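Student: Attaching a single structure in structure tokens format; questions to follow.
Laboratory data are not the source of any read-out in this text; all were calculated from the coordinates shown. It should be emphasised that the depicted structure is a prediction, and the values quoted were computed from it without experimental measurement. Neighbour counts are summed over all protein chains in view; Cβ atoms, including those assigned to glycine, are modelled from backbone coordinates with ideal geometry.
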Amino acid sequence: MLVHILKSKIHRAAVTAANVAYEGSMSIDLDLMEKVGLLPYEKILCSNMANAARFETYAIPGKRGTNEIVLNGAAAHLGKPGDRLTIMSFTELEVAEAGNWAPRVIVLGEGNQIINERGI
């Protein structure tokens, strides 16, 4: 039997911009994506700590070293610069594998700098 389990999490990511005119998705600094093993165009689930909005989209690589987290397209209506997000991706594992699984998690602070990491 397969179970859905947390694969990657970027916690307390501050939105740096919102662009309604863009086709869709969320731009995330490629360094942050790679740190948690998030792939370009991978489906993500996001929750906004400021307004409780939850939405699905996909991650697109942002410019390295910018610490950008940009809401694009319709998602731009679900947050504003400064809002803190939790960005998650999931995987499927056999139940036997799930007991030893550890997701890759980073917690961000001021300027979207990494202040804590687990499972990395």
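Student: Given charges of +1 on the Cβ of Lys and Arg and -1 on the Cβ of Asp and Glu, with all other atoms neutral, how large is the dipole of the chain about its Cα centre, in debye to the nearest 20?
Tutor: Around 260 debye, computed over the chain.
Student: Going by how many other Cβ atoms sit within 10 Å of their own, how do ASP31, ASP83 line up, fewest first?
Tutor: Taking fewest neighbouring Cβ atoms as first place, the list is ASP31, ASP83.
Student: Test of understanding: ordering GLU117, GLU68 by Cβ neighbours within 10 Å, fewest first, what list do you get?
Tutor: GLU117, GLU68
Student: Which is farthest toward the positive dipole end of the chain among THR57, VAL70, ILE115, measuring Cα position about the Cα centre, with Cβ charges +1 (Lys, Arg) and -1 (Asp, Glu)?
Tutor: ILE115
Student: Now for a separate question. Stretched out fully, how many nm does the piece from ILE5 to LYS80 gain, at 0.36 nm a residue minus the Cα gap?
Tutor: Extra length from ILE5 to LYS80 when fully extended: 24.1 nm.
Student: Separate question: Obtain the nm distance between the two label points defined at GLU94 and GLU34 by a simple spin-label model: each point lies 7 Å from its Cα along the Cα-to-C-beta direction.
Tutor: According to this spin-label approximation, the distance is 3.2 nm.
Student: In nm, to one decimal, how far is the modelled label at LEU45 from the one at ILE114, with both set 7 Å along Cα→Cβ?
Tutor: 2.4 nm
Student: Neighbouring Cβ atoms within 10 Å as the yardstick, rank SER89, SER47 fewest first.
Tutor: SER47, SER89
Student: To continue, here is another question. Over the chain, what relative contact order in percent results from Cα pairs under 8 Å that are six or more residues apart?
Tutor: 42 percent
Student: What are the ³J(HN,Hα) couplings of the range 44-49, residue after residue, when phi is run through the Karplus curve with 6.51, -1.76, 1.60 and θ = phi - 60°? Round to Hz, x for glycine and proline.
Tutor: 10, 10, 10, 10, 9, 5
Student: Okay, next question. Taking the alpha-carbon distance from LYS7 and a cut-off under 17 Å, which lysines remain once sequence neighbours fewer than 8 residues away in the same chain are dropped?
Tutor: Excluding near neighbours in sequence, the set is LYS35, LYS43.
Student: Restricting the count to DSSP beta bridges whose residues both fall in the chain, what percent are antiparallel, rounded to a multiple of 5?
Tutor: Roughly 70 percent of the beta bridges in the chain run antiparallel, per DSSP.
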